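So the structure is just underneath, and the comments pick up after that.
The values are calculated or read from the model by the stated rules, or taken from the named source; none is laboratory data. Every value quoted in this text rests on a predicted model; they were computed, and no experiment measured them. As a convention, Cβ positions derive from the backbone with ideal geometry for all residues, glycine included, and neighbour counts pool all protein chains shown.
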Amino acid sequence: MKKIGILGSTGSIGTQTLEIVRKEKDLQVVSLAAGHNVELMEKQVREFMPAVTAMWSEEAARDLRERIKDLPVKVVSGMDGLLEVSTVPQMEVLVTGIVGMIGIKPTIAAIEAGKDIALANKETLVTAGHIIMPLAAAKGIHILPVDSEHSAIFQSMHGENRARVSRILLTASGGPFRGKKKEELANMTVEDALKHPNWSMGRKVTIDSASLCNKGLEVMEARWLFDVDLEQIQVVVHPQSILHSAVEYVDGAIMGQMGVPDMKLPIQYALFYPDRRPMDTGRVELCKLGQLTFEEPDAETFRGLALAYQAAERGGSLPTVFNAANERAVALFLQKKIRFLQIPELIEASMEAHSVVDCPTVEQILSAEAETYEYIKLKYE
């Protein structure tokens, strides 16, 4: 029986992880954490009976305690609660499905406690990869990527000599606005941006996909996960989302992973690595597909991708600023306070206003985030 914890259990990754737990009887949930969705958390607690569960606010935690007072389940809150959920002694794997830099400290705590990480919280590596990856190596911990693209790269490197990697081919669907130019994007609404053609994801990630900022974050994440130079990571737009990413080796061979666009595949692979389990999702029928197409991303129209490369190249605290500015810009866009094309404008202004700190500590990373939020609040809100 493999015992797991989940950060972000009421979100997209969390709920899909629990679908796998329902199917695979040798998985046991021992801890859960969520933001504010008390109603869904109550249902999850009653079904899976974790030892401890956390809500972000104490108000939500009080509500949950009252709802499940008939159960022997501990309810905690805040960052201390996340840290407790992430370090439950009997837990073996922590699924970090939480969104945002809030995942940094719990991930570090879990690694220090000897837990493997099924990583869906890309912000952790984007902002603190220089801390996370050496710590995981020192502790002998597996960082198992859950993003479909990074899982595909991970699978394509399995059993291979990573020193022989020539390029990582990081695929992107192109999102709902693929092929459009700036003048067409000027009046795109929130509803337009949320119509992803292939994937079912949370609102924030879906907007990131529309702007290609998500792909920029994935470039930064891949750099740390697979210990490659930025120049070795090529973004390739693949509208069908069948090839989830690939790796080119020095002899010219390309190894890739294909499958239907379903997040449960990389989640399950991370939970049972290196084993594979049957899945009842659809299968790729190549003859019915007819063709798979690939194209270069339009980094001039979708400037978030170019800005991400700039942030990654400079390094230090600048990726944190990119991530924090994007988070706040997406929130403002979802609130219909800014236009779609203002997302990269806001990111670029925040990056230009920032004094970069090299090799930042966790405290300096969080300080850079707070400073970026304050800058945006004063300038845009």
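Odds and ends about this structure:
- Test: residue in the range 174-192 that is surrounded by fewer than 18 Cβ atoms within 10 Å (Cβ to Cβ) and among the β-branched types (Val, Ile, Thr): yes
- Positions within the range 346-363 being crowded, with 16+ Cβ neighbours inside 10 Å and either small (Gly, Ala, Ser) or in a helix (DSSP H, G or I) (or both), in sequence order: 346, 347, 348, 349, 350, 351
- Reported count of residues in the range 17-35, each being at pLDDT below 95 and in contact with a helix residue (DSSP H, G or I) (Cβ under 7 Å, 6 or more places away or on another chain), is 0.
- Residue, modelled with the lowest pLDDT, within the range 83-103, restricted to residues that are in a helix (DSSP H, G or I) and buried (at least 24 other Cβ atoms within 10 Å of the Cβ): 103
- Residue within the range 288-308 that is more than 30 Å from residue 344 (Cα to Cα) and not in a loop (DSSP other than H, G, I, E, B) present: yes
- Residue selected from the range 8-45 under the condition out of contact with any Lys or Arg (no Cβ under 9 Å at 6 or more places or on another chain) and among the charged types (D, E, K, R), by the criterion farthest from residue 280 (Cα to Cα): 43
- All conditions in (1) modelled with pLDDT of 90 or more; (2) in contact with a Pro (Cβ under 8 Å, 6 or more places away or on another chain) hold for residue 198, with the sole exception of (1).
- Residue within the range 191-201 that is under 21 Å from residue 313 (Cα atoms) and out of contact with any Lys or Arg (no Cβ under 6 Å at 6 or more places or on another chain) present: no
- Scan the range 328-346 for residues that are touching a Gly at 6+ places or on another chain (Cβ under 6 Å) and more than 17 Å from residue 175 (Cα to Cα) and the total you get is 0.
- Count of the range 116-175 residues, restricted to those that are of a type in the set (S, T, N, Q), modelled with pLDDT of 95 or more, in contact with a Pro (Cβ under 9 Å, 6 or more places away or on another chain) and within 24 Å of residue 292 (Cα to Cα), is 2.
- Residues located in the range 298-356, provided they are closer than 12 Å to residue 372 by Cβ, touching a residue at least 40 places away in the same chain (Cβ under 8 Å) and charged (D, E, K, R): 327, 328
- The range 230-264, subset at pLDDT below 95 and over 22 Å from residue 291 (Cβ atoms), residue surrounded by the fewest Cβ atoms within 10 Å (Cβ to Cβ): 264
- Strands (runs of 3 or more DSSP E) enclosed by the range 7-80 - at least 2 residues per element that are in contact with an Asp or Glu (Cβ under 8 Å, 6 or more places away or on another chain) and either among the charged types (D, E, K, R) or at negative phi (or both): 52-55, 74-77
- Residue tally, condition surrounded by 24 or more Cβ atoms within 10 Å (Cβ to Cβ), out of contact with any Leu (no Cβ under 8 Å at 6 or more places or on another chain) and without any contact (Cβ under 8 Å) to a residue 60 or more places away in the chain, over the range 110-160: 1
- Exclusive hit being part of a helix (DSSP H, G or I), among the small types (Gly, Ala, Ser) and over 15 Å from the mean Cα position of the chain (by Cα), set 151, 209, 156, 166: 156
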